[in-house]
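Reading through the structure tokens given below for one structure.
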Amino acid sequence: MFKPVSSKVNFPELEKGILSFWKDVQVLHKAAESRANGPRFTLYDGPPTVNGNPGIHHILSRIYKDVIPRYKAMKGFYVFRKAGWDTHGLPVELEVEKELRFNNKTQIEEFGIDKFNERCRASVMRYLQRWVELTERIGFWLDMADPYITYQNTYVESCWWIIKQLWDKGLVYQGYRVTPHCPRCGTSLSSHEVALGYRDAEDPSIYIRFRLSHEQPWEKSGLLARLGWDQQKNRWTNEPPSILAWTTTPWTLTGNVALAVAPREVYVLVQATTGDGTTENLILARALLDRALGTGQREILAEFRGTEMEDICYDRLYEPRESFVAKGQALPDHGRVVAADFVSVTDGTGIVHIAPAFGEEDFDLGRAQGLPMVQSVDLDGKMLPNDRPWDSKFVKKADPMILEDLGQRGALHHRDVIVHTYPFCWRCDTPLLYYAKPSWYIRTTACRDKMISGNRDISWYPEYIKEGRFGDWLENNVDWAFSRERFWGAPLPVWRCQQCRTCECIGSIDELKTKPGVTGLNKPLDLHRPFVDAVTFRCAQCGGTMNRLPEVLDAWFDSGAMPVAQFHYPFENQEQFEKSFPADYIAEAIDQTRGWFYTLHALSTLLFERPCFQNVICLGHILDAKGEKMSKARGNVVDPWRIMDNQGVDALRWYMFTASPPGNVKRFAADQVTEVMRKFLSTLWNTYSFFVIYANIDNFDPTTFEAPEPASDLDRWILSELNQLVNQVDQALDCYDPTEAGRRIEEFVDYLSNWYVRRSRRRFWKSGSDEDKLSAYFTLYECLITVSKLAAPLAPFVTEEIYQNLARSVDARAPESIHLCDFPAPDMTRIDTRLMEDTRLVMKVCSLGRAARAKASLKVRQPLSRVVIRPRANSERTALERLASQIMEELNVKAIQVVDGESDLSDGEVYSVTEEGGYAVGLSRNIPPELLDEGIAREIVHRLQTMRRSAGFEIADHIVTYYQTTPQIQKAIESLSSYIKQETLSRELISSVPDEAAHTEKHRIDGQPLTLGVKKAG
Ligand SMILES: [Zn+2]
Ligand SMILES: [Zn+2]
């Protein structure tokens, strides 16, 4: 006997039972043990940053990380799946800053870096527990007993080792460059972090006049005379003209030192008439006259090339304090015009204002042209004091004040608003500033070609990411700015001499301990700030004191280092590392092409000259049901726990696997998870429950019989479908395509339930035992067991439940869990293509026939005299004739006629016809009296069966039936009494008032009254 199964099932409850079963039998441990000698399959767990509660998108990547290893384990692999937790970095700091209501770094320093970092650690530990709970609940099998945690000394030490390797190869350097800088977080960001935060922003778009100076010491081209300069008197004849320049960042004007023109483009001196009739002389690109000046009256006075304008002097709008100018540089009295190839005449005025402190191109141009650098903004993004109204204001707040000032001084020609994409801090959403300052870099550009060629060896799913998003990213590689001016991170292992400025990189704790004159090494050793900052030693060059530089590492460095650092390689576990490198499989969302996927690939290429992962599933982002990004502000964030508690994990997993291919953007709708539960899981469950109910009635025990040869076409057909399914699912999962695997399984379960079981019902119902019944039991049993194994990697809970009851309960030697079983192998000899094609043809015809019946409002239970079928091709004719009995039974008709392609089969008084895809199926509308009787009898059978259930009878109970009705219905009952008796297990049909003990109901059939009563036969 199998454990009785109710057709009503609470999946979330069932799943909790399975979870505790797995724990009790230590199934994860056994999974590893039982495959210990198998080939190795390594998963790298991309460590989630544990700085918040996991969301629905985390579940997506985590179930994808689970499904392939589960499949591989069933295929006989020893799966290595060590958990990892990413614990460092800005996200964590930001969370703690919020707790403490801090807005800037000074507050952290005043609070104490040690206390701040202690809080960061505590915050991570708090969230970590929730991540562990979630990971368990979703059935993500991961070795969480021995995880790697990025804040551990061992992990940090491996990071140091990596940096030392790169340092020795000359791949680490400090550069003074313009870097994207978050003024709130007070740190540089790397280009891949910047790439995470682009969005549309509204900024002022302003056109500003820069008046040409009254002194022109450098001009050489002779252009000045044409602009109105009196060379004899060495002054302007009239008012000097103004250069019209354009910018979207007014605050950068405070750092302006030059104006750049495109050398080969044509510029003009134009006399423009303003609204009040006055005129002014302006200089700008000819191509942009209309766009910059509009339609006002104007006259072109001179035309010239950009190169001719070089070295003309203009008056700066804002004079910086001396302290703003970079050390060792002198600020000339005037700004000057320079030529630069990056200037275009596609927008603005064709003249670009240059502030070398605030832009990468500006910075490079400044170096090339010997321009001074004026730094008028501090690292918090605030304007340095210079007796202006905007002193100490944040740059974006200073913008409107500067605009007002420009307006008052007549420097503002006109203003507009522009919407353009601008980078924001991916963590705190502050607009980034491009800011010239020193930063530490890894020279990734040195291995760009190797990264590109290595990428060719990686299999990407979907494939277009490889040459697309990831390939492009590698092609446009820039050096990795990997230092952060922050607190909670692995420290940069670089010490610098106070006296001679020599730098030294430390590659291990032992190396540090053995440095001459080392002090400050605490016990127990904590490699975090501020403790590590206290460690000093003697300079080998000059004997001065070596201090650690204050920077910490980009947290993306930690995650990219995990192939090495998870083993504390090379200090320990060399063998483990070698066995697990490269990984067979990783999976994350698409944004990681510039995050984890990239840092893994970059570090692996730099260190080992090869990729560190072979297969990667790259997941699309999750949006809400309307296609909007989920955010707390919109209030459309889905709480994964609610879904898991209501619909269950299997439904959630199945939905995520099958709704769309992994690379697609997913619109998440909770009601679709319910739909999956209803359509797939419940169908599977009901089929299983149907089997158990009848198998228990008949005492069917699969272990006590030999499976007979399949008795009927129906059995042979479903077994053929099953073996084809095994083959397809195996191939799909082998190609990292759980979507295809799930969809095929879904289709099969639909066939199994809605065709095989429905058409086999009578075989299970009939009393006694014979070969045919036994064959039906064996067939359905095999289908249920096999399909459960196929679906186990995708829906690990319900499949375990079915397996435990159907397999383990009758066979103690069967593996303890479905997940310890071998993945099914197809028996290709059982695949009968013609039979499957035939059956699909029958299904097609029947579905059209049912539509024709519905269209004519002919009741399902009313037998009809004829179906006429016009197949798509004449070749299907023989098949249809061979399958005639199935079609007649399914469509409840008494005769079948197949007509050829030319025949006219049209909807009308005689037939109700539906057509689709070249097929036409018609049902005769005219019903003879004997068929009307049969229709009534069938209707009565249906109602009696429902009454049996309402009365609470067992399926095998025999009953006595009472009825009272009109003569017409009575006649139908009498003429078909043996059929009614057989179908309802009625010993007698008695035409009288029902016995008092009977369950009685009043009905109407075709408008005629009918009283029915049922009671158990004595
Ligand atoms: Zn920030
Ligand atoms: Zn020194």
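The values are calculated or read from the model by the stated rules, or taken from the named source; none is laboratory data. For clarity, every value in this text was computed on a predicted model and none was experimentally measured. So basically every Cβ, Gly included, is an ideal-geometry build from the backbone, and we count neighbours across all protein chains shown. Just the protein is used for accessible areas: all its heavy atoms, side chains included, with ligands, DNA and RNA removed. Shrake-Rupley method; radii C 1.70, N 1.55, O 1.52, S 1.80 Å.
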## Note on the structure
Pairing a residue in the stretch 827-843 that is of a type in the set (Ser, Thr, Tyr) with any residue that is open to solvent by less than 40 Å² (accessible area, probe 1.4 Å), where Cβ atoms lie under 6 Å and the two sit 6 or more apart in sequence or on different chains, gives THR839/TRP717
### Message
Can you tell me how many residues within the stretch 98-120 are open to solvent by 30 Å² or more (accessible area, probe 1.4 Å) and among the β-branched types (Val, Ile, Thr)?
### Response
1
#### Entry: Single condition ILE208 does not satisfy, out of (1) within 16 Å of ligand 1 (Cβ to nearest atom); (2) in contact with a helix residue (DSSP H, G or I) (Cβ under 7 Å, 6 or more places away or on another chain)
(1)
### Task
Assess whether ALA245 counts as being away from ligand 1 (no atom under 16 Å from the Cβ), surrounded by 15 or more Cβ atoms within 10 Å (Cβ to Cβ) and within 30 Å of THR430 (Cβ to Cβ).
yes
### Message
Yes or no: the stretch 487-498 includes at least one residue that is charged (D, E, K, R), modelled with pLDDT of 95 or more, more than 16 Å from ligand 1 (Cβ to nearest atom) and over 26 Å from the mean Cα position of the chain (by Cα).
### Response
yes
### Task
Go through (1) open to solvent by 10 Å² or more (accessible area, probe 1.4 Å); (2) touching a residue at least 24 places away in the same chain (Cβ under 8 Å) one by one and return the number of the condition MET74 breaks.
(1)
### Query
Of all residues in the stretch 699-729, how many are open to solvent by 30 Å² or more (accessible area, probe 1.4 Å), among the acidic types (Asp, Glu) and either at pLDDT 95 or above or in contact with a Gly (Cβ under 9 Å, 6 or more places away or on another chain) (or both)?
0
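Does ILE442 count as β-branched (Val, Ile, Thr), within 30 Å of PHE657 (Cα to Cα), more than 16 Å from ligand 2 (Cβ to nearest atom) and open to solvent by less than 10 Å² (accessible area, probe 1.4 Å)? Before you say what the answer is, go through the steps one by one.
On the way: β-branched (Val, Ile, Thr): yes; within 30 Å of PHE657 (Cα to Cα): no; more than 16 Å from ligand 2 (Cβ to nearest atom): yes; open to solvent by less than 10 Å² (accessible area, probe 1.4 Å): yes.
Criteria not met by ILE442.
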### Task
Please state which of the following conditions ASN386 fails to meet, knowing it meets all the rest: (1) under 29 Å from VAL261 (Cβ atoms); (2) within 16 Å of ligand 1 (Cβ to nearest atom).
(2)
### Query
THR430 fails exactly one of the following numbered conditions: (1) open to solvent by less than 60 Å² (accessible area, probe 1.4 Å); (2) β-branched (Val, Ile, Thr); (3) more than 16 Å from ligand 1 (Cβ to nearest atom); (4) closer than 16 Å to SER188 by Cβ. What is the number of that condition?
(3)
### Query
Which one of the conditions (1) under 39 Å from the mean Cα position of the chain (by Cα); (2) over 16 Å from GLN724 (Cβ atoms); (3) not in a helix (DSSP H, G or I) does GLN804 fail to meet, given that it meets all the rest?
(3)
### Task
Go through the residues of the stretch 632-640 one by one and say whether even a single one is open to solvent by 20 Å² or more (accessible area, probe 1.4 Å), basic (Lys, Arg) and touching a residue at least 12 places away in the same chain (Cβ under 8 Å).
no
### Query
Which residue pairs have Cβ atoms under 7 Å apart, sit 6 or more places apart or on different chains, and have a first residue in the stretch 225-237 that is farther than 15 Å from GLU308 by Cα and open to solvent by less than 100 Å² (accessible area, probe 1.4 Å) and a second that is part of a helix (DSSP H, G or I) and among the β-branched types (Val, Ile, Thr)?
none
### Query
Taking PRO582 and the conditions (1) within 16 Å of ligand 1 (Cβ to nearest atom); (2) touching a strand residue (DSSP E or B) at 6+ places or on another chain (Cβ under 7 Å), which numbered condition does it fall short on, given that it satisfies the others?
(1)
### Task
Please verify whether the stretch 350-364 includes one or more residues that are touching a Phe, Trp or Tyr at 6+ places or on another chain (Cβ under 8 Å), assigned to a helix (DSSP H, G or I) and open to solvent by 50 Å² or more (accessible area, probe 1.4 Å).
yes
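Residue under question is ARG850, and the condition is that it be open to solvent by 60 Å² or more (accessible area, probe 1.4 Å) and assigned to a helix (DSSP H, G or I); does it hold? Before the answer, list the steps.
Numbers: open to solvent by 60 Å² or more (accessible area, probe 1.4 Å): yes; assigned to a helix (DSSP H, G or I): yes.
Yes: the conditions hold for ARG850.
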### Query
Taking the stretch 857-913 only, how many residues are open to solvent by less than 60 Å² (accessible area, probe 1.4 Å), under 25 Å from ILE936 (Cβ atoms) and of a type in the set (Ser, Thr, Tyr)?
3
### Message
Where the second residue is crowded, with 24+ Cβ neighbours inside 10 Å and the first is of a type in the set (Lys, Arg) and lies in the stretch 587-602, which pairs have Cβ atoms under 7 Å and are six or more apart or on separate chains?
### Response
ARG594/HIS192
### Task
Only residues that are farther than 23 Å from ARG762 by Cβ, open to solvent by 20 Å² or more (accessible area, probe 1.4 Å) and not in a loop (DSSP other than H, G, I, E, B): list them for the stretch 920-940, please.
PRO929, LEU932
### Query
Considering the stretch 453-486 alone, what residues qualify as being within 16 Å of ligand 1 (Cβ to nearest atom) and open to solvent by 20 Å² or more (accessible area, probe 1.4 Å)?
GLU485
### Query
Across the stretch 1-49, which residue is least open to solvent (accessible area, probe 1.4 Å) among those that are within 21 Å of ILE643 (Cα to Cα) and polar (S, T, N, Q)?
SER20
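Taking the condition within 16 Å of ligand 1 (Cβ to nearest atom), under 19 Å from THR154 (Cβ atoms) and not polar (S, T, N, Q), does VAL564 pass? Walk me through it before giving the result.
Values: within 16 Å of ligand 1 (Cβ to nearest atom): no; under 19 Å from THR154 (Cβ atoms): yes; not polar (S, T, N, Q): yes.
No.
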### Query
What number goes with the only condition from (1) touching a residue at least 24 places away in the same chain (Cβ under 8 Å); (2) open to solvent by 20 Å² or more (accessible area, probe 1.4 Å); (3) away from ligand 1 (no atom under 16 Å from the Cβ) that TRP556 does not pass?
(3)
### Query
Within the set of pairs 6 or more residues apart or between chains, which connect a residue that is outside any helix (DSSP H, G or I) inside the stretch 6-27 to a residue that is open to solvent by 60 Å² or more (accessible area, probe 1.4 Å) with Cβ atoms less than 8 Å apart?
SER7/ASN686
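Collect the residues in the stretch 537-553 that are over 21 Å from THR187 (Cα atoms) and open to solvent by 30 Å² or more (accessible area, probe 1.4 Å), keeping them in residue-number order. Walk me through it before giving the result.
Filtering the stretch 537-553 down to residues over 21 Å from THR187 (Cα atoms) leaves 537-546.
Passing the criteria: ARG538, ALA540, GLN541, CYS542, GLY543, THR545.
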### Task
Answer yes or no as to whether THR187 is surrounded by 21 or more Cβ atoms within 10 Å (Cβ to Cβ) and either within 16 Å of ligand 2 (Cβ to nearest atom) or closer than 30 Å to LEU652 by Cβ (or both).
no
### Task
Can you tell me which residue among LEU288, LEU284 is open to solvent by less than 80 Å² (accessible area, probe 1.4 Å) and part of a strand (DSSP E or B)?
LEU284
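Does the stretch 461-468 include one or more residues that are within 30 Å of HIS568 (Cβ to Cβ), at pLDDT 95 or above and not basic (Lys, Arg)? Lay out the reasoning, then the answer.
Initially, the stretch 461-468 is screened for residues within 30 Å of HIS568 (Cβ to Cβ), giving none.
The answer is no; no qualifying residue exists.
Please determine, by comparing only the residues of the stretch 590-630 that are basic (Lys, Arg) and over 14 Å from ILE458 (Cβ atoms), which one is least open to solvent (accessible area, probe 1.4 Å).
Filtering the stretch 590-630 for residues that are basic (Lys, Arg) and over 14 Å from ILE458 (Cβ atoms), the one least open to solvent (accessible area, probe 1.4 Å) comes out as ARG594.
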### Residue count, the stretch 965-1014 (criterion: without any contact (Cβ under 8 Å) to a residue 60 or more places away in the chain and touching a Pro at 6+ places or on another chain (Cβ under 8 Å))
6
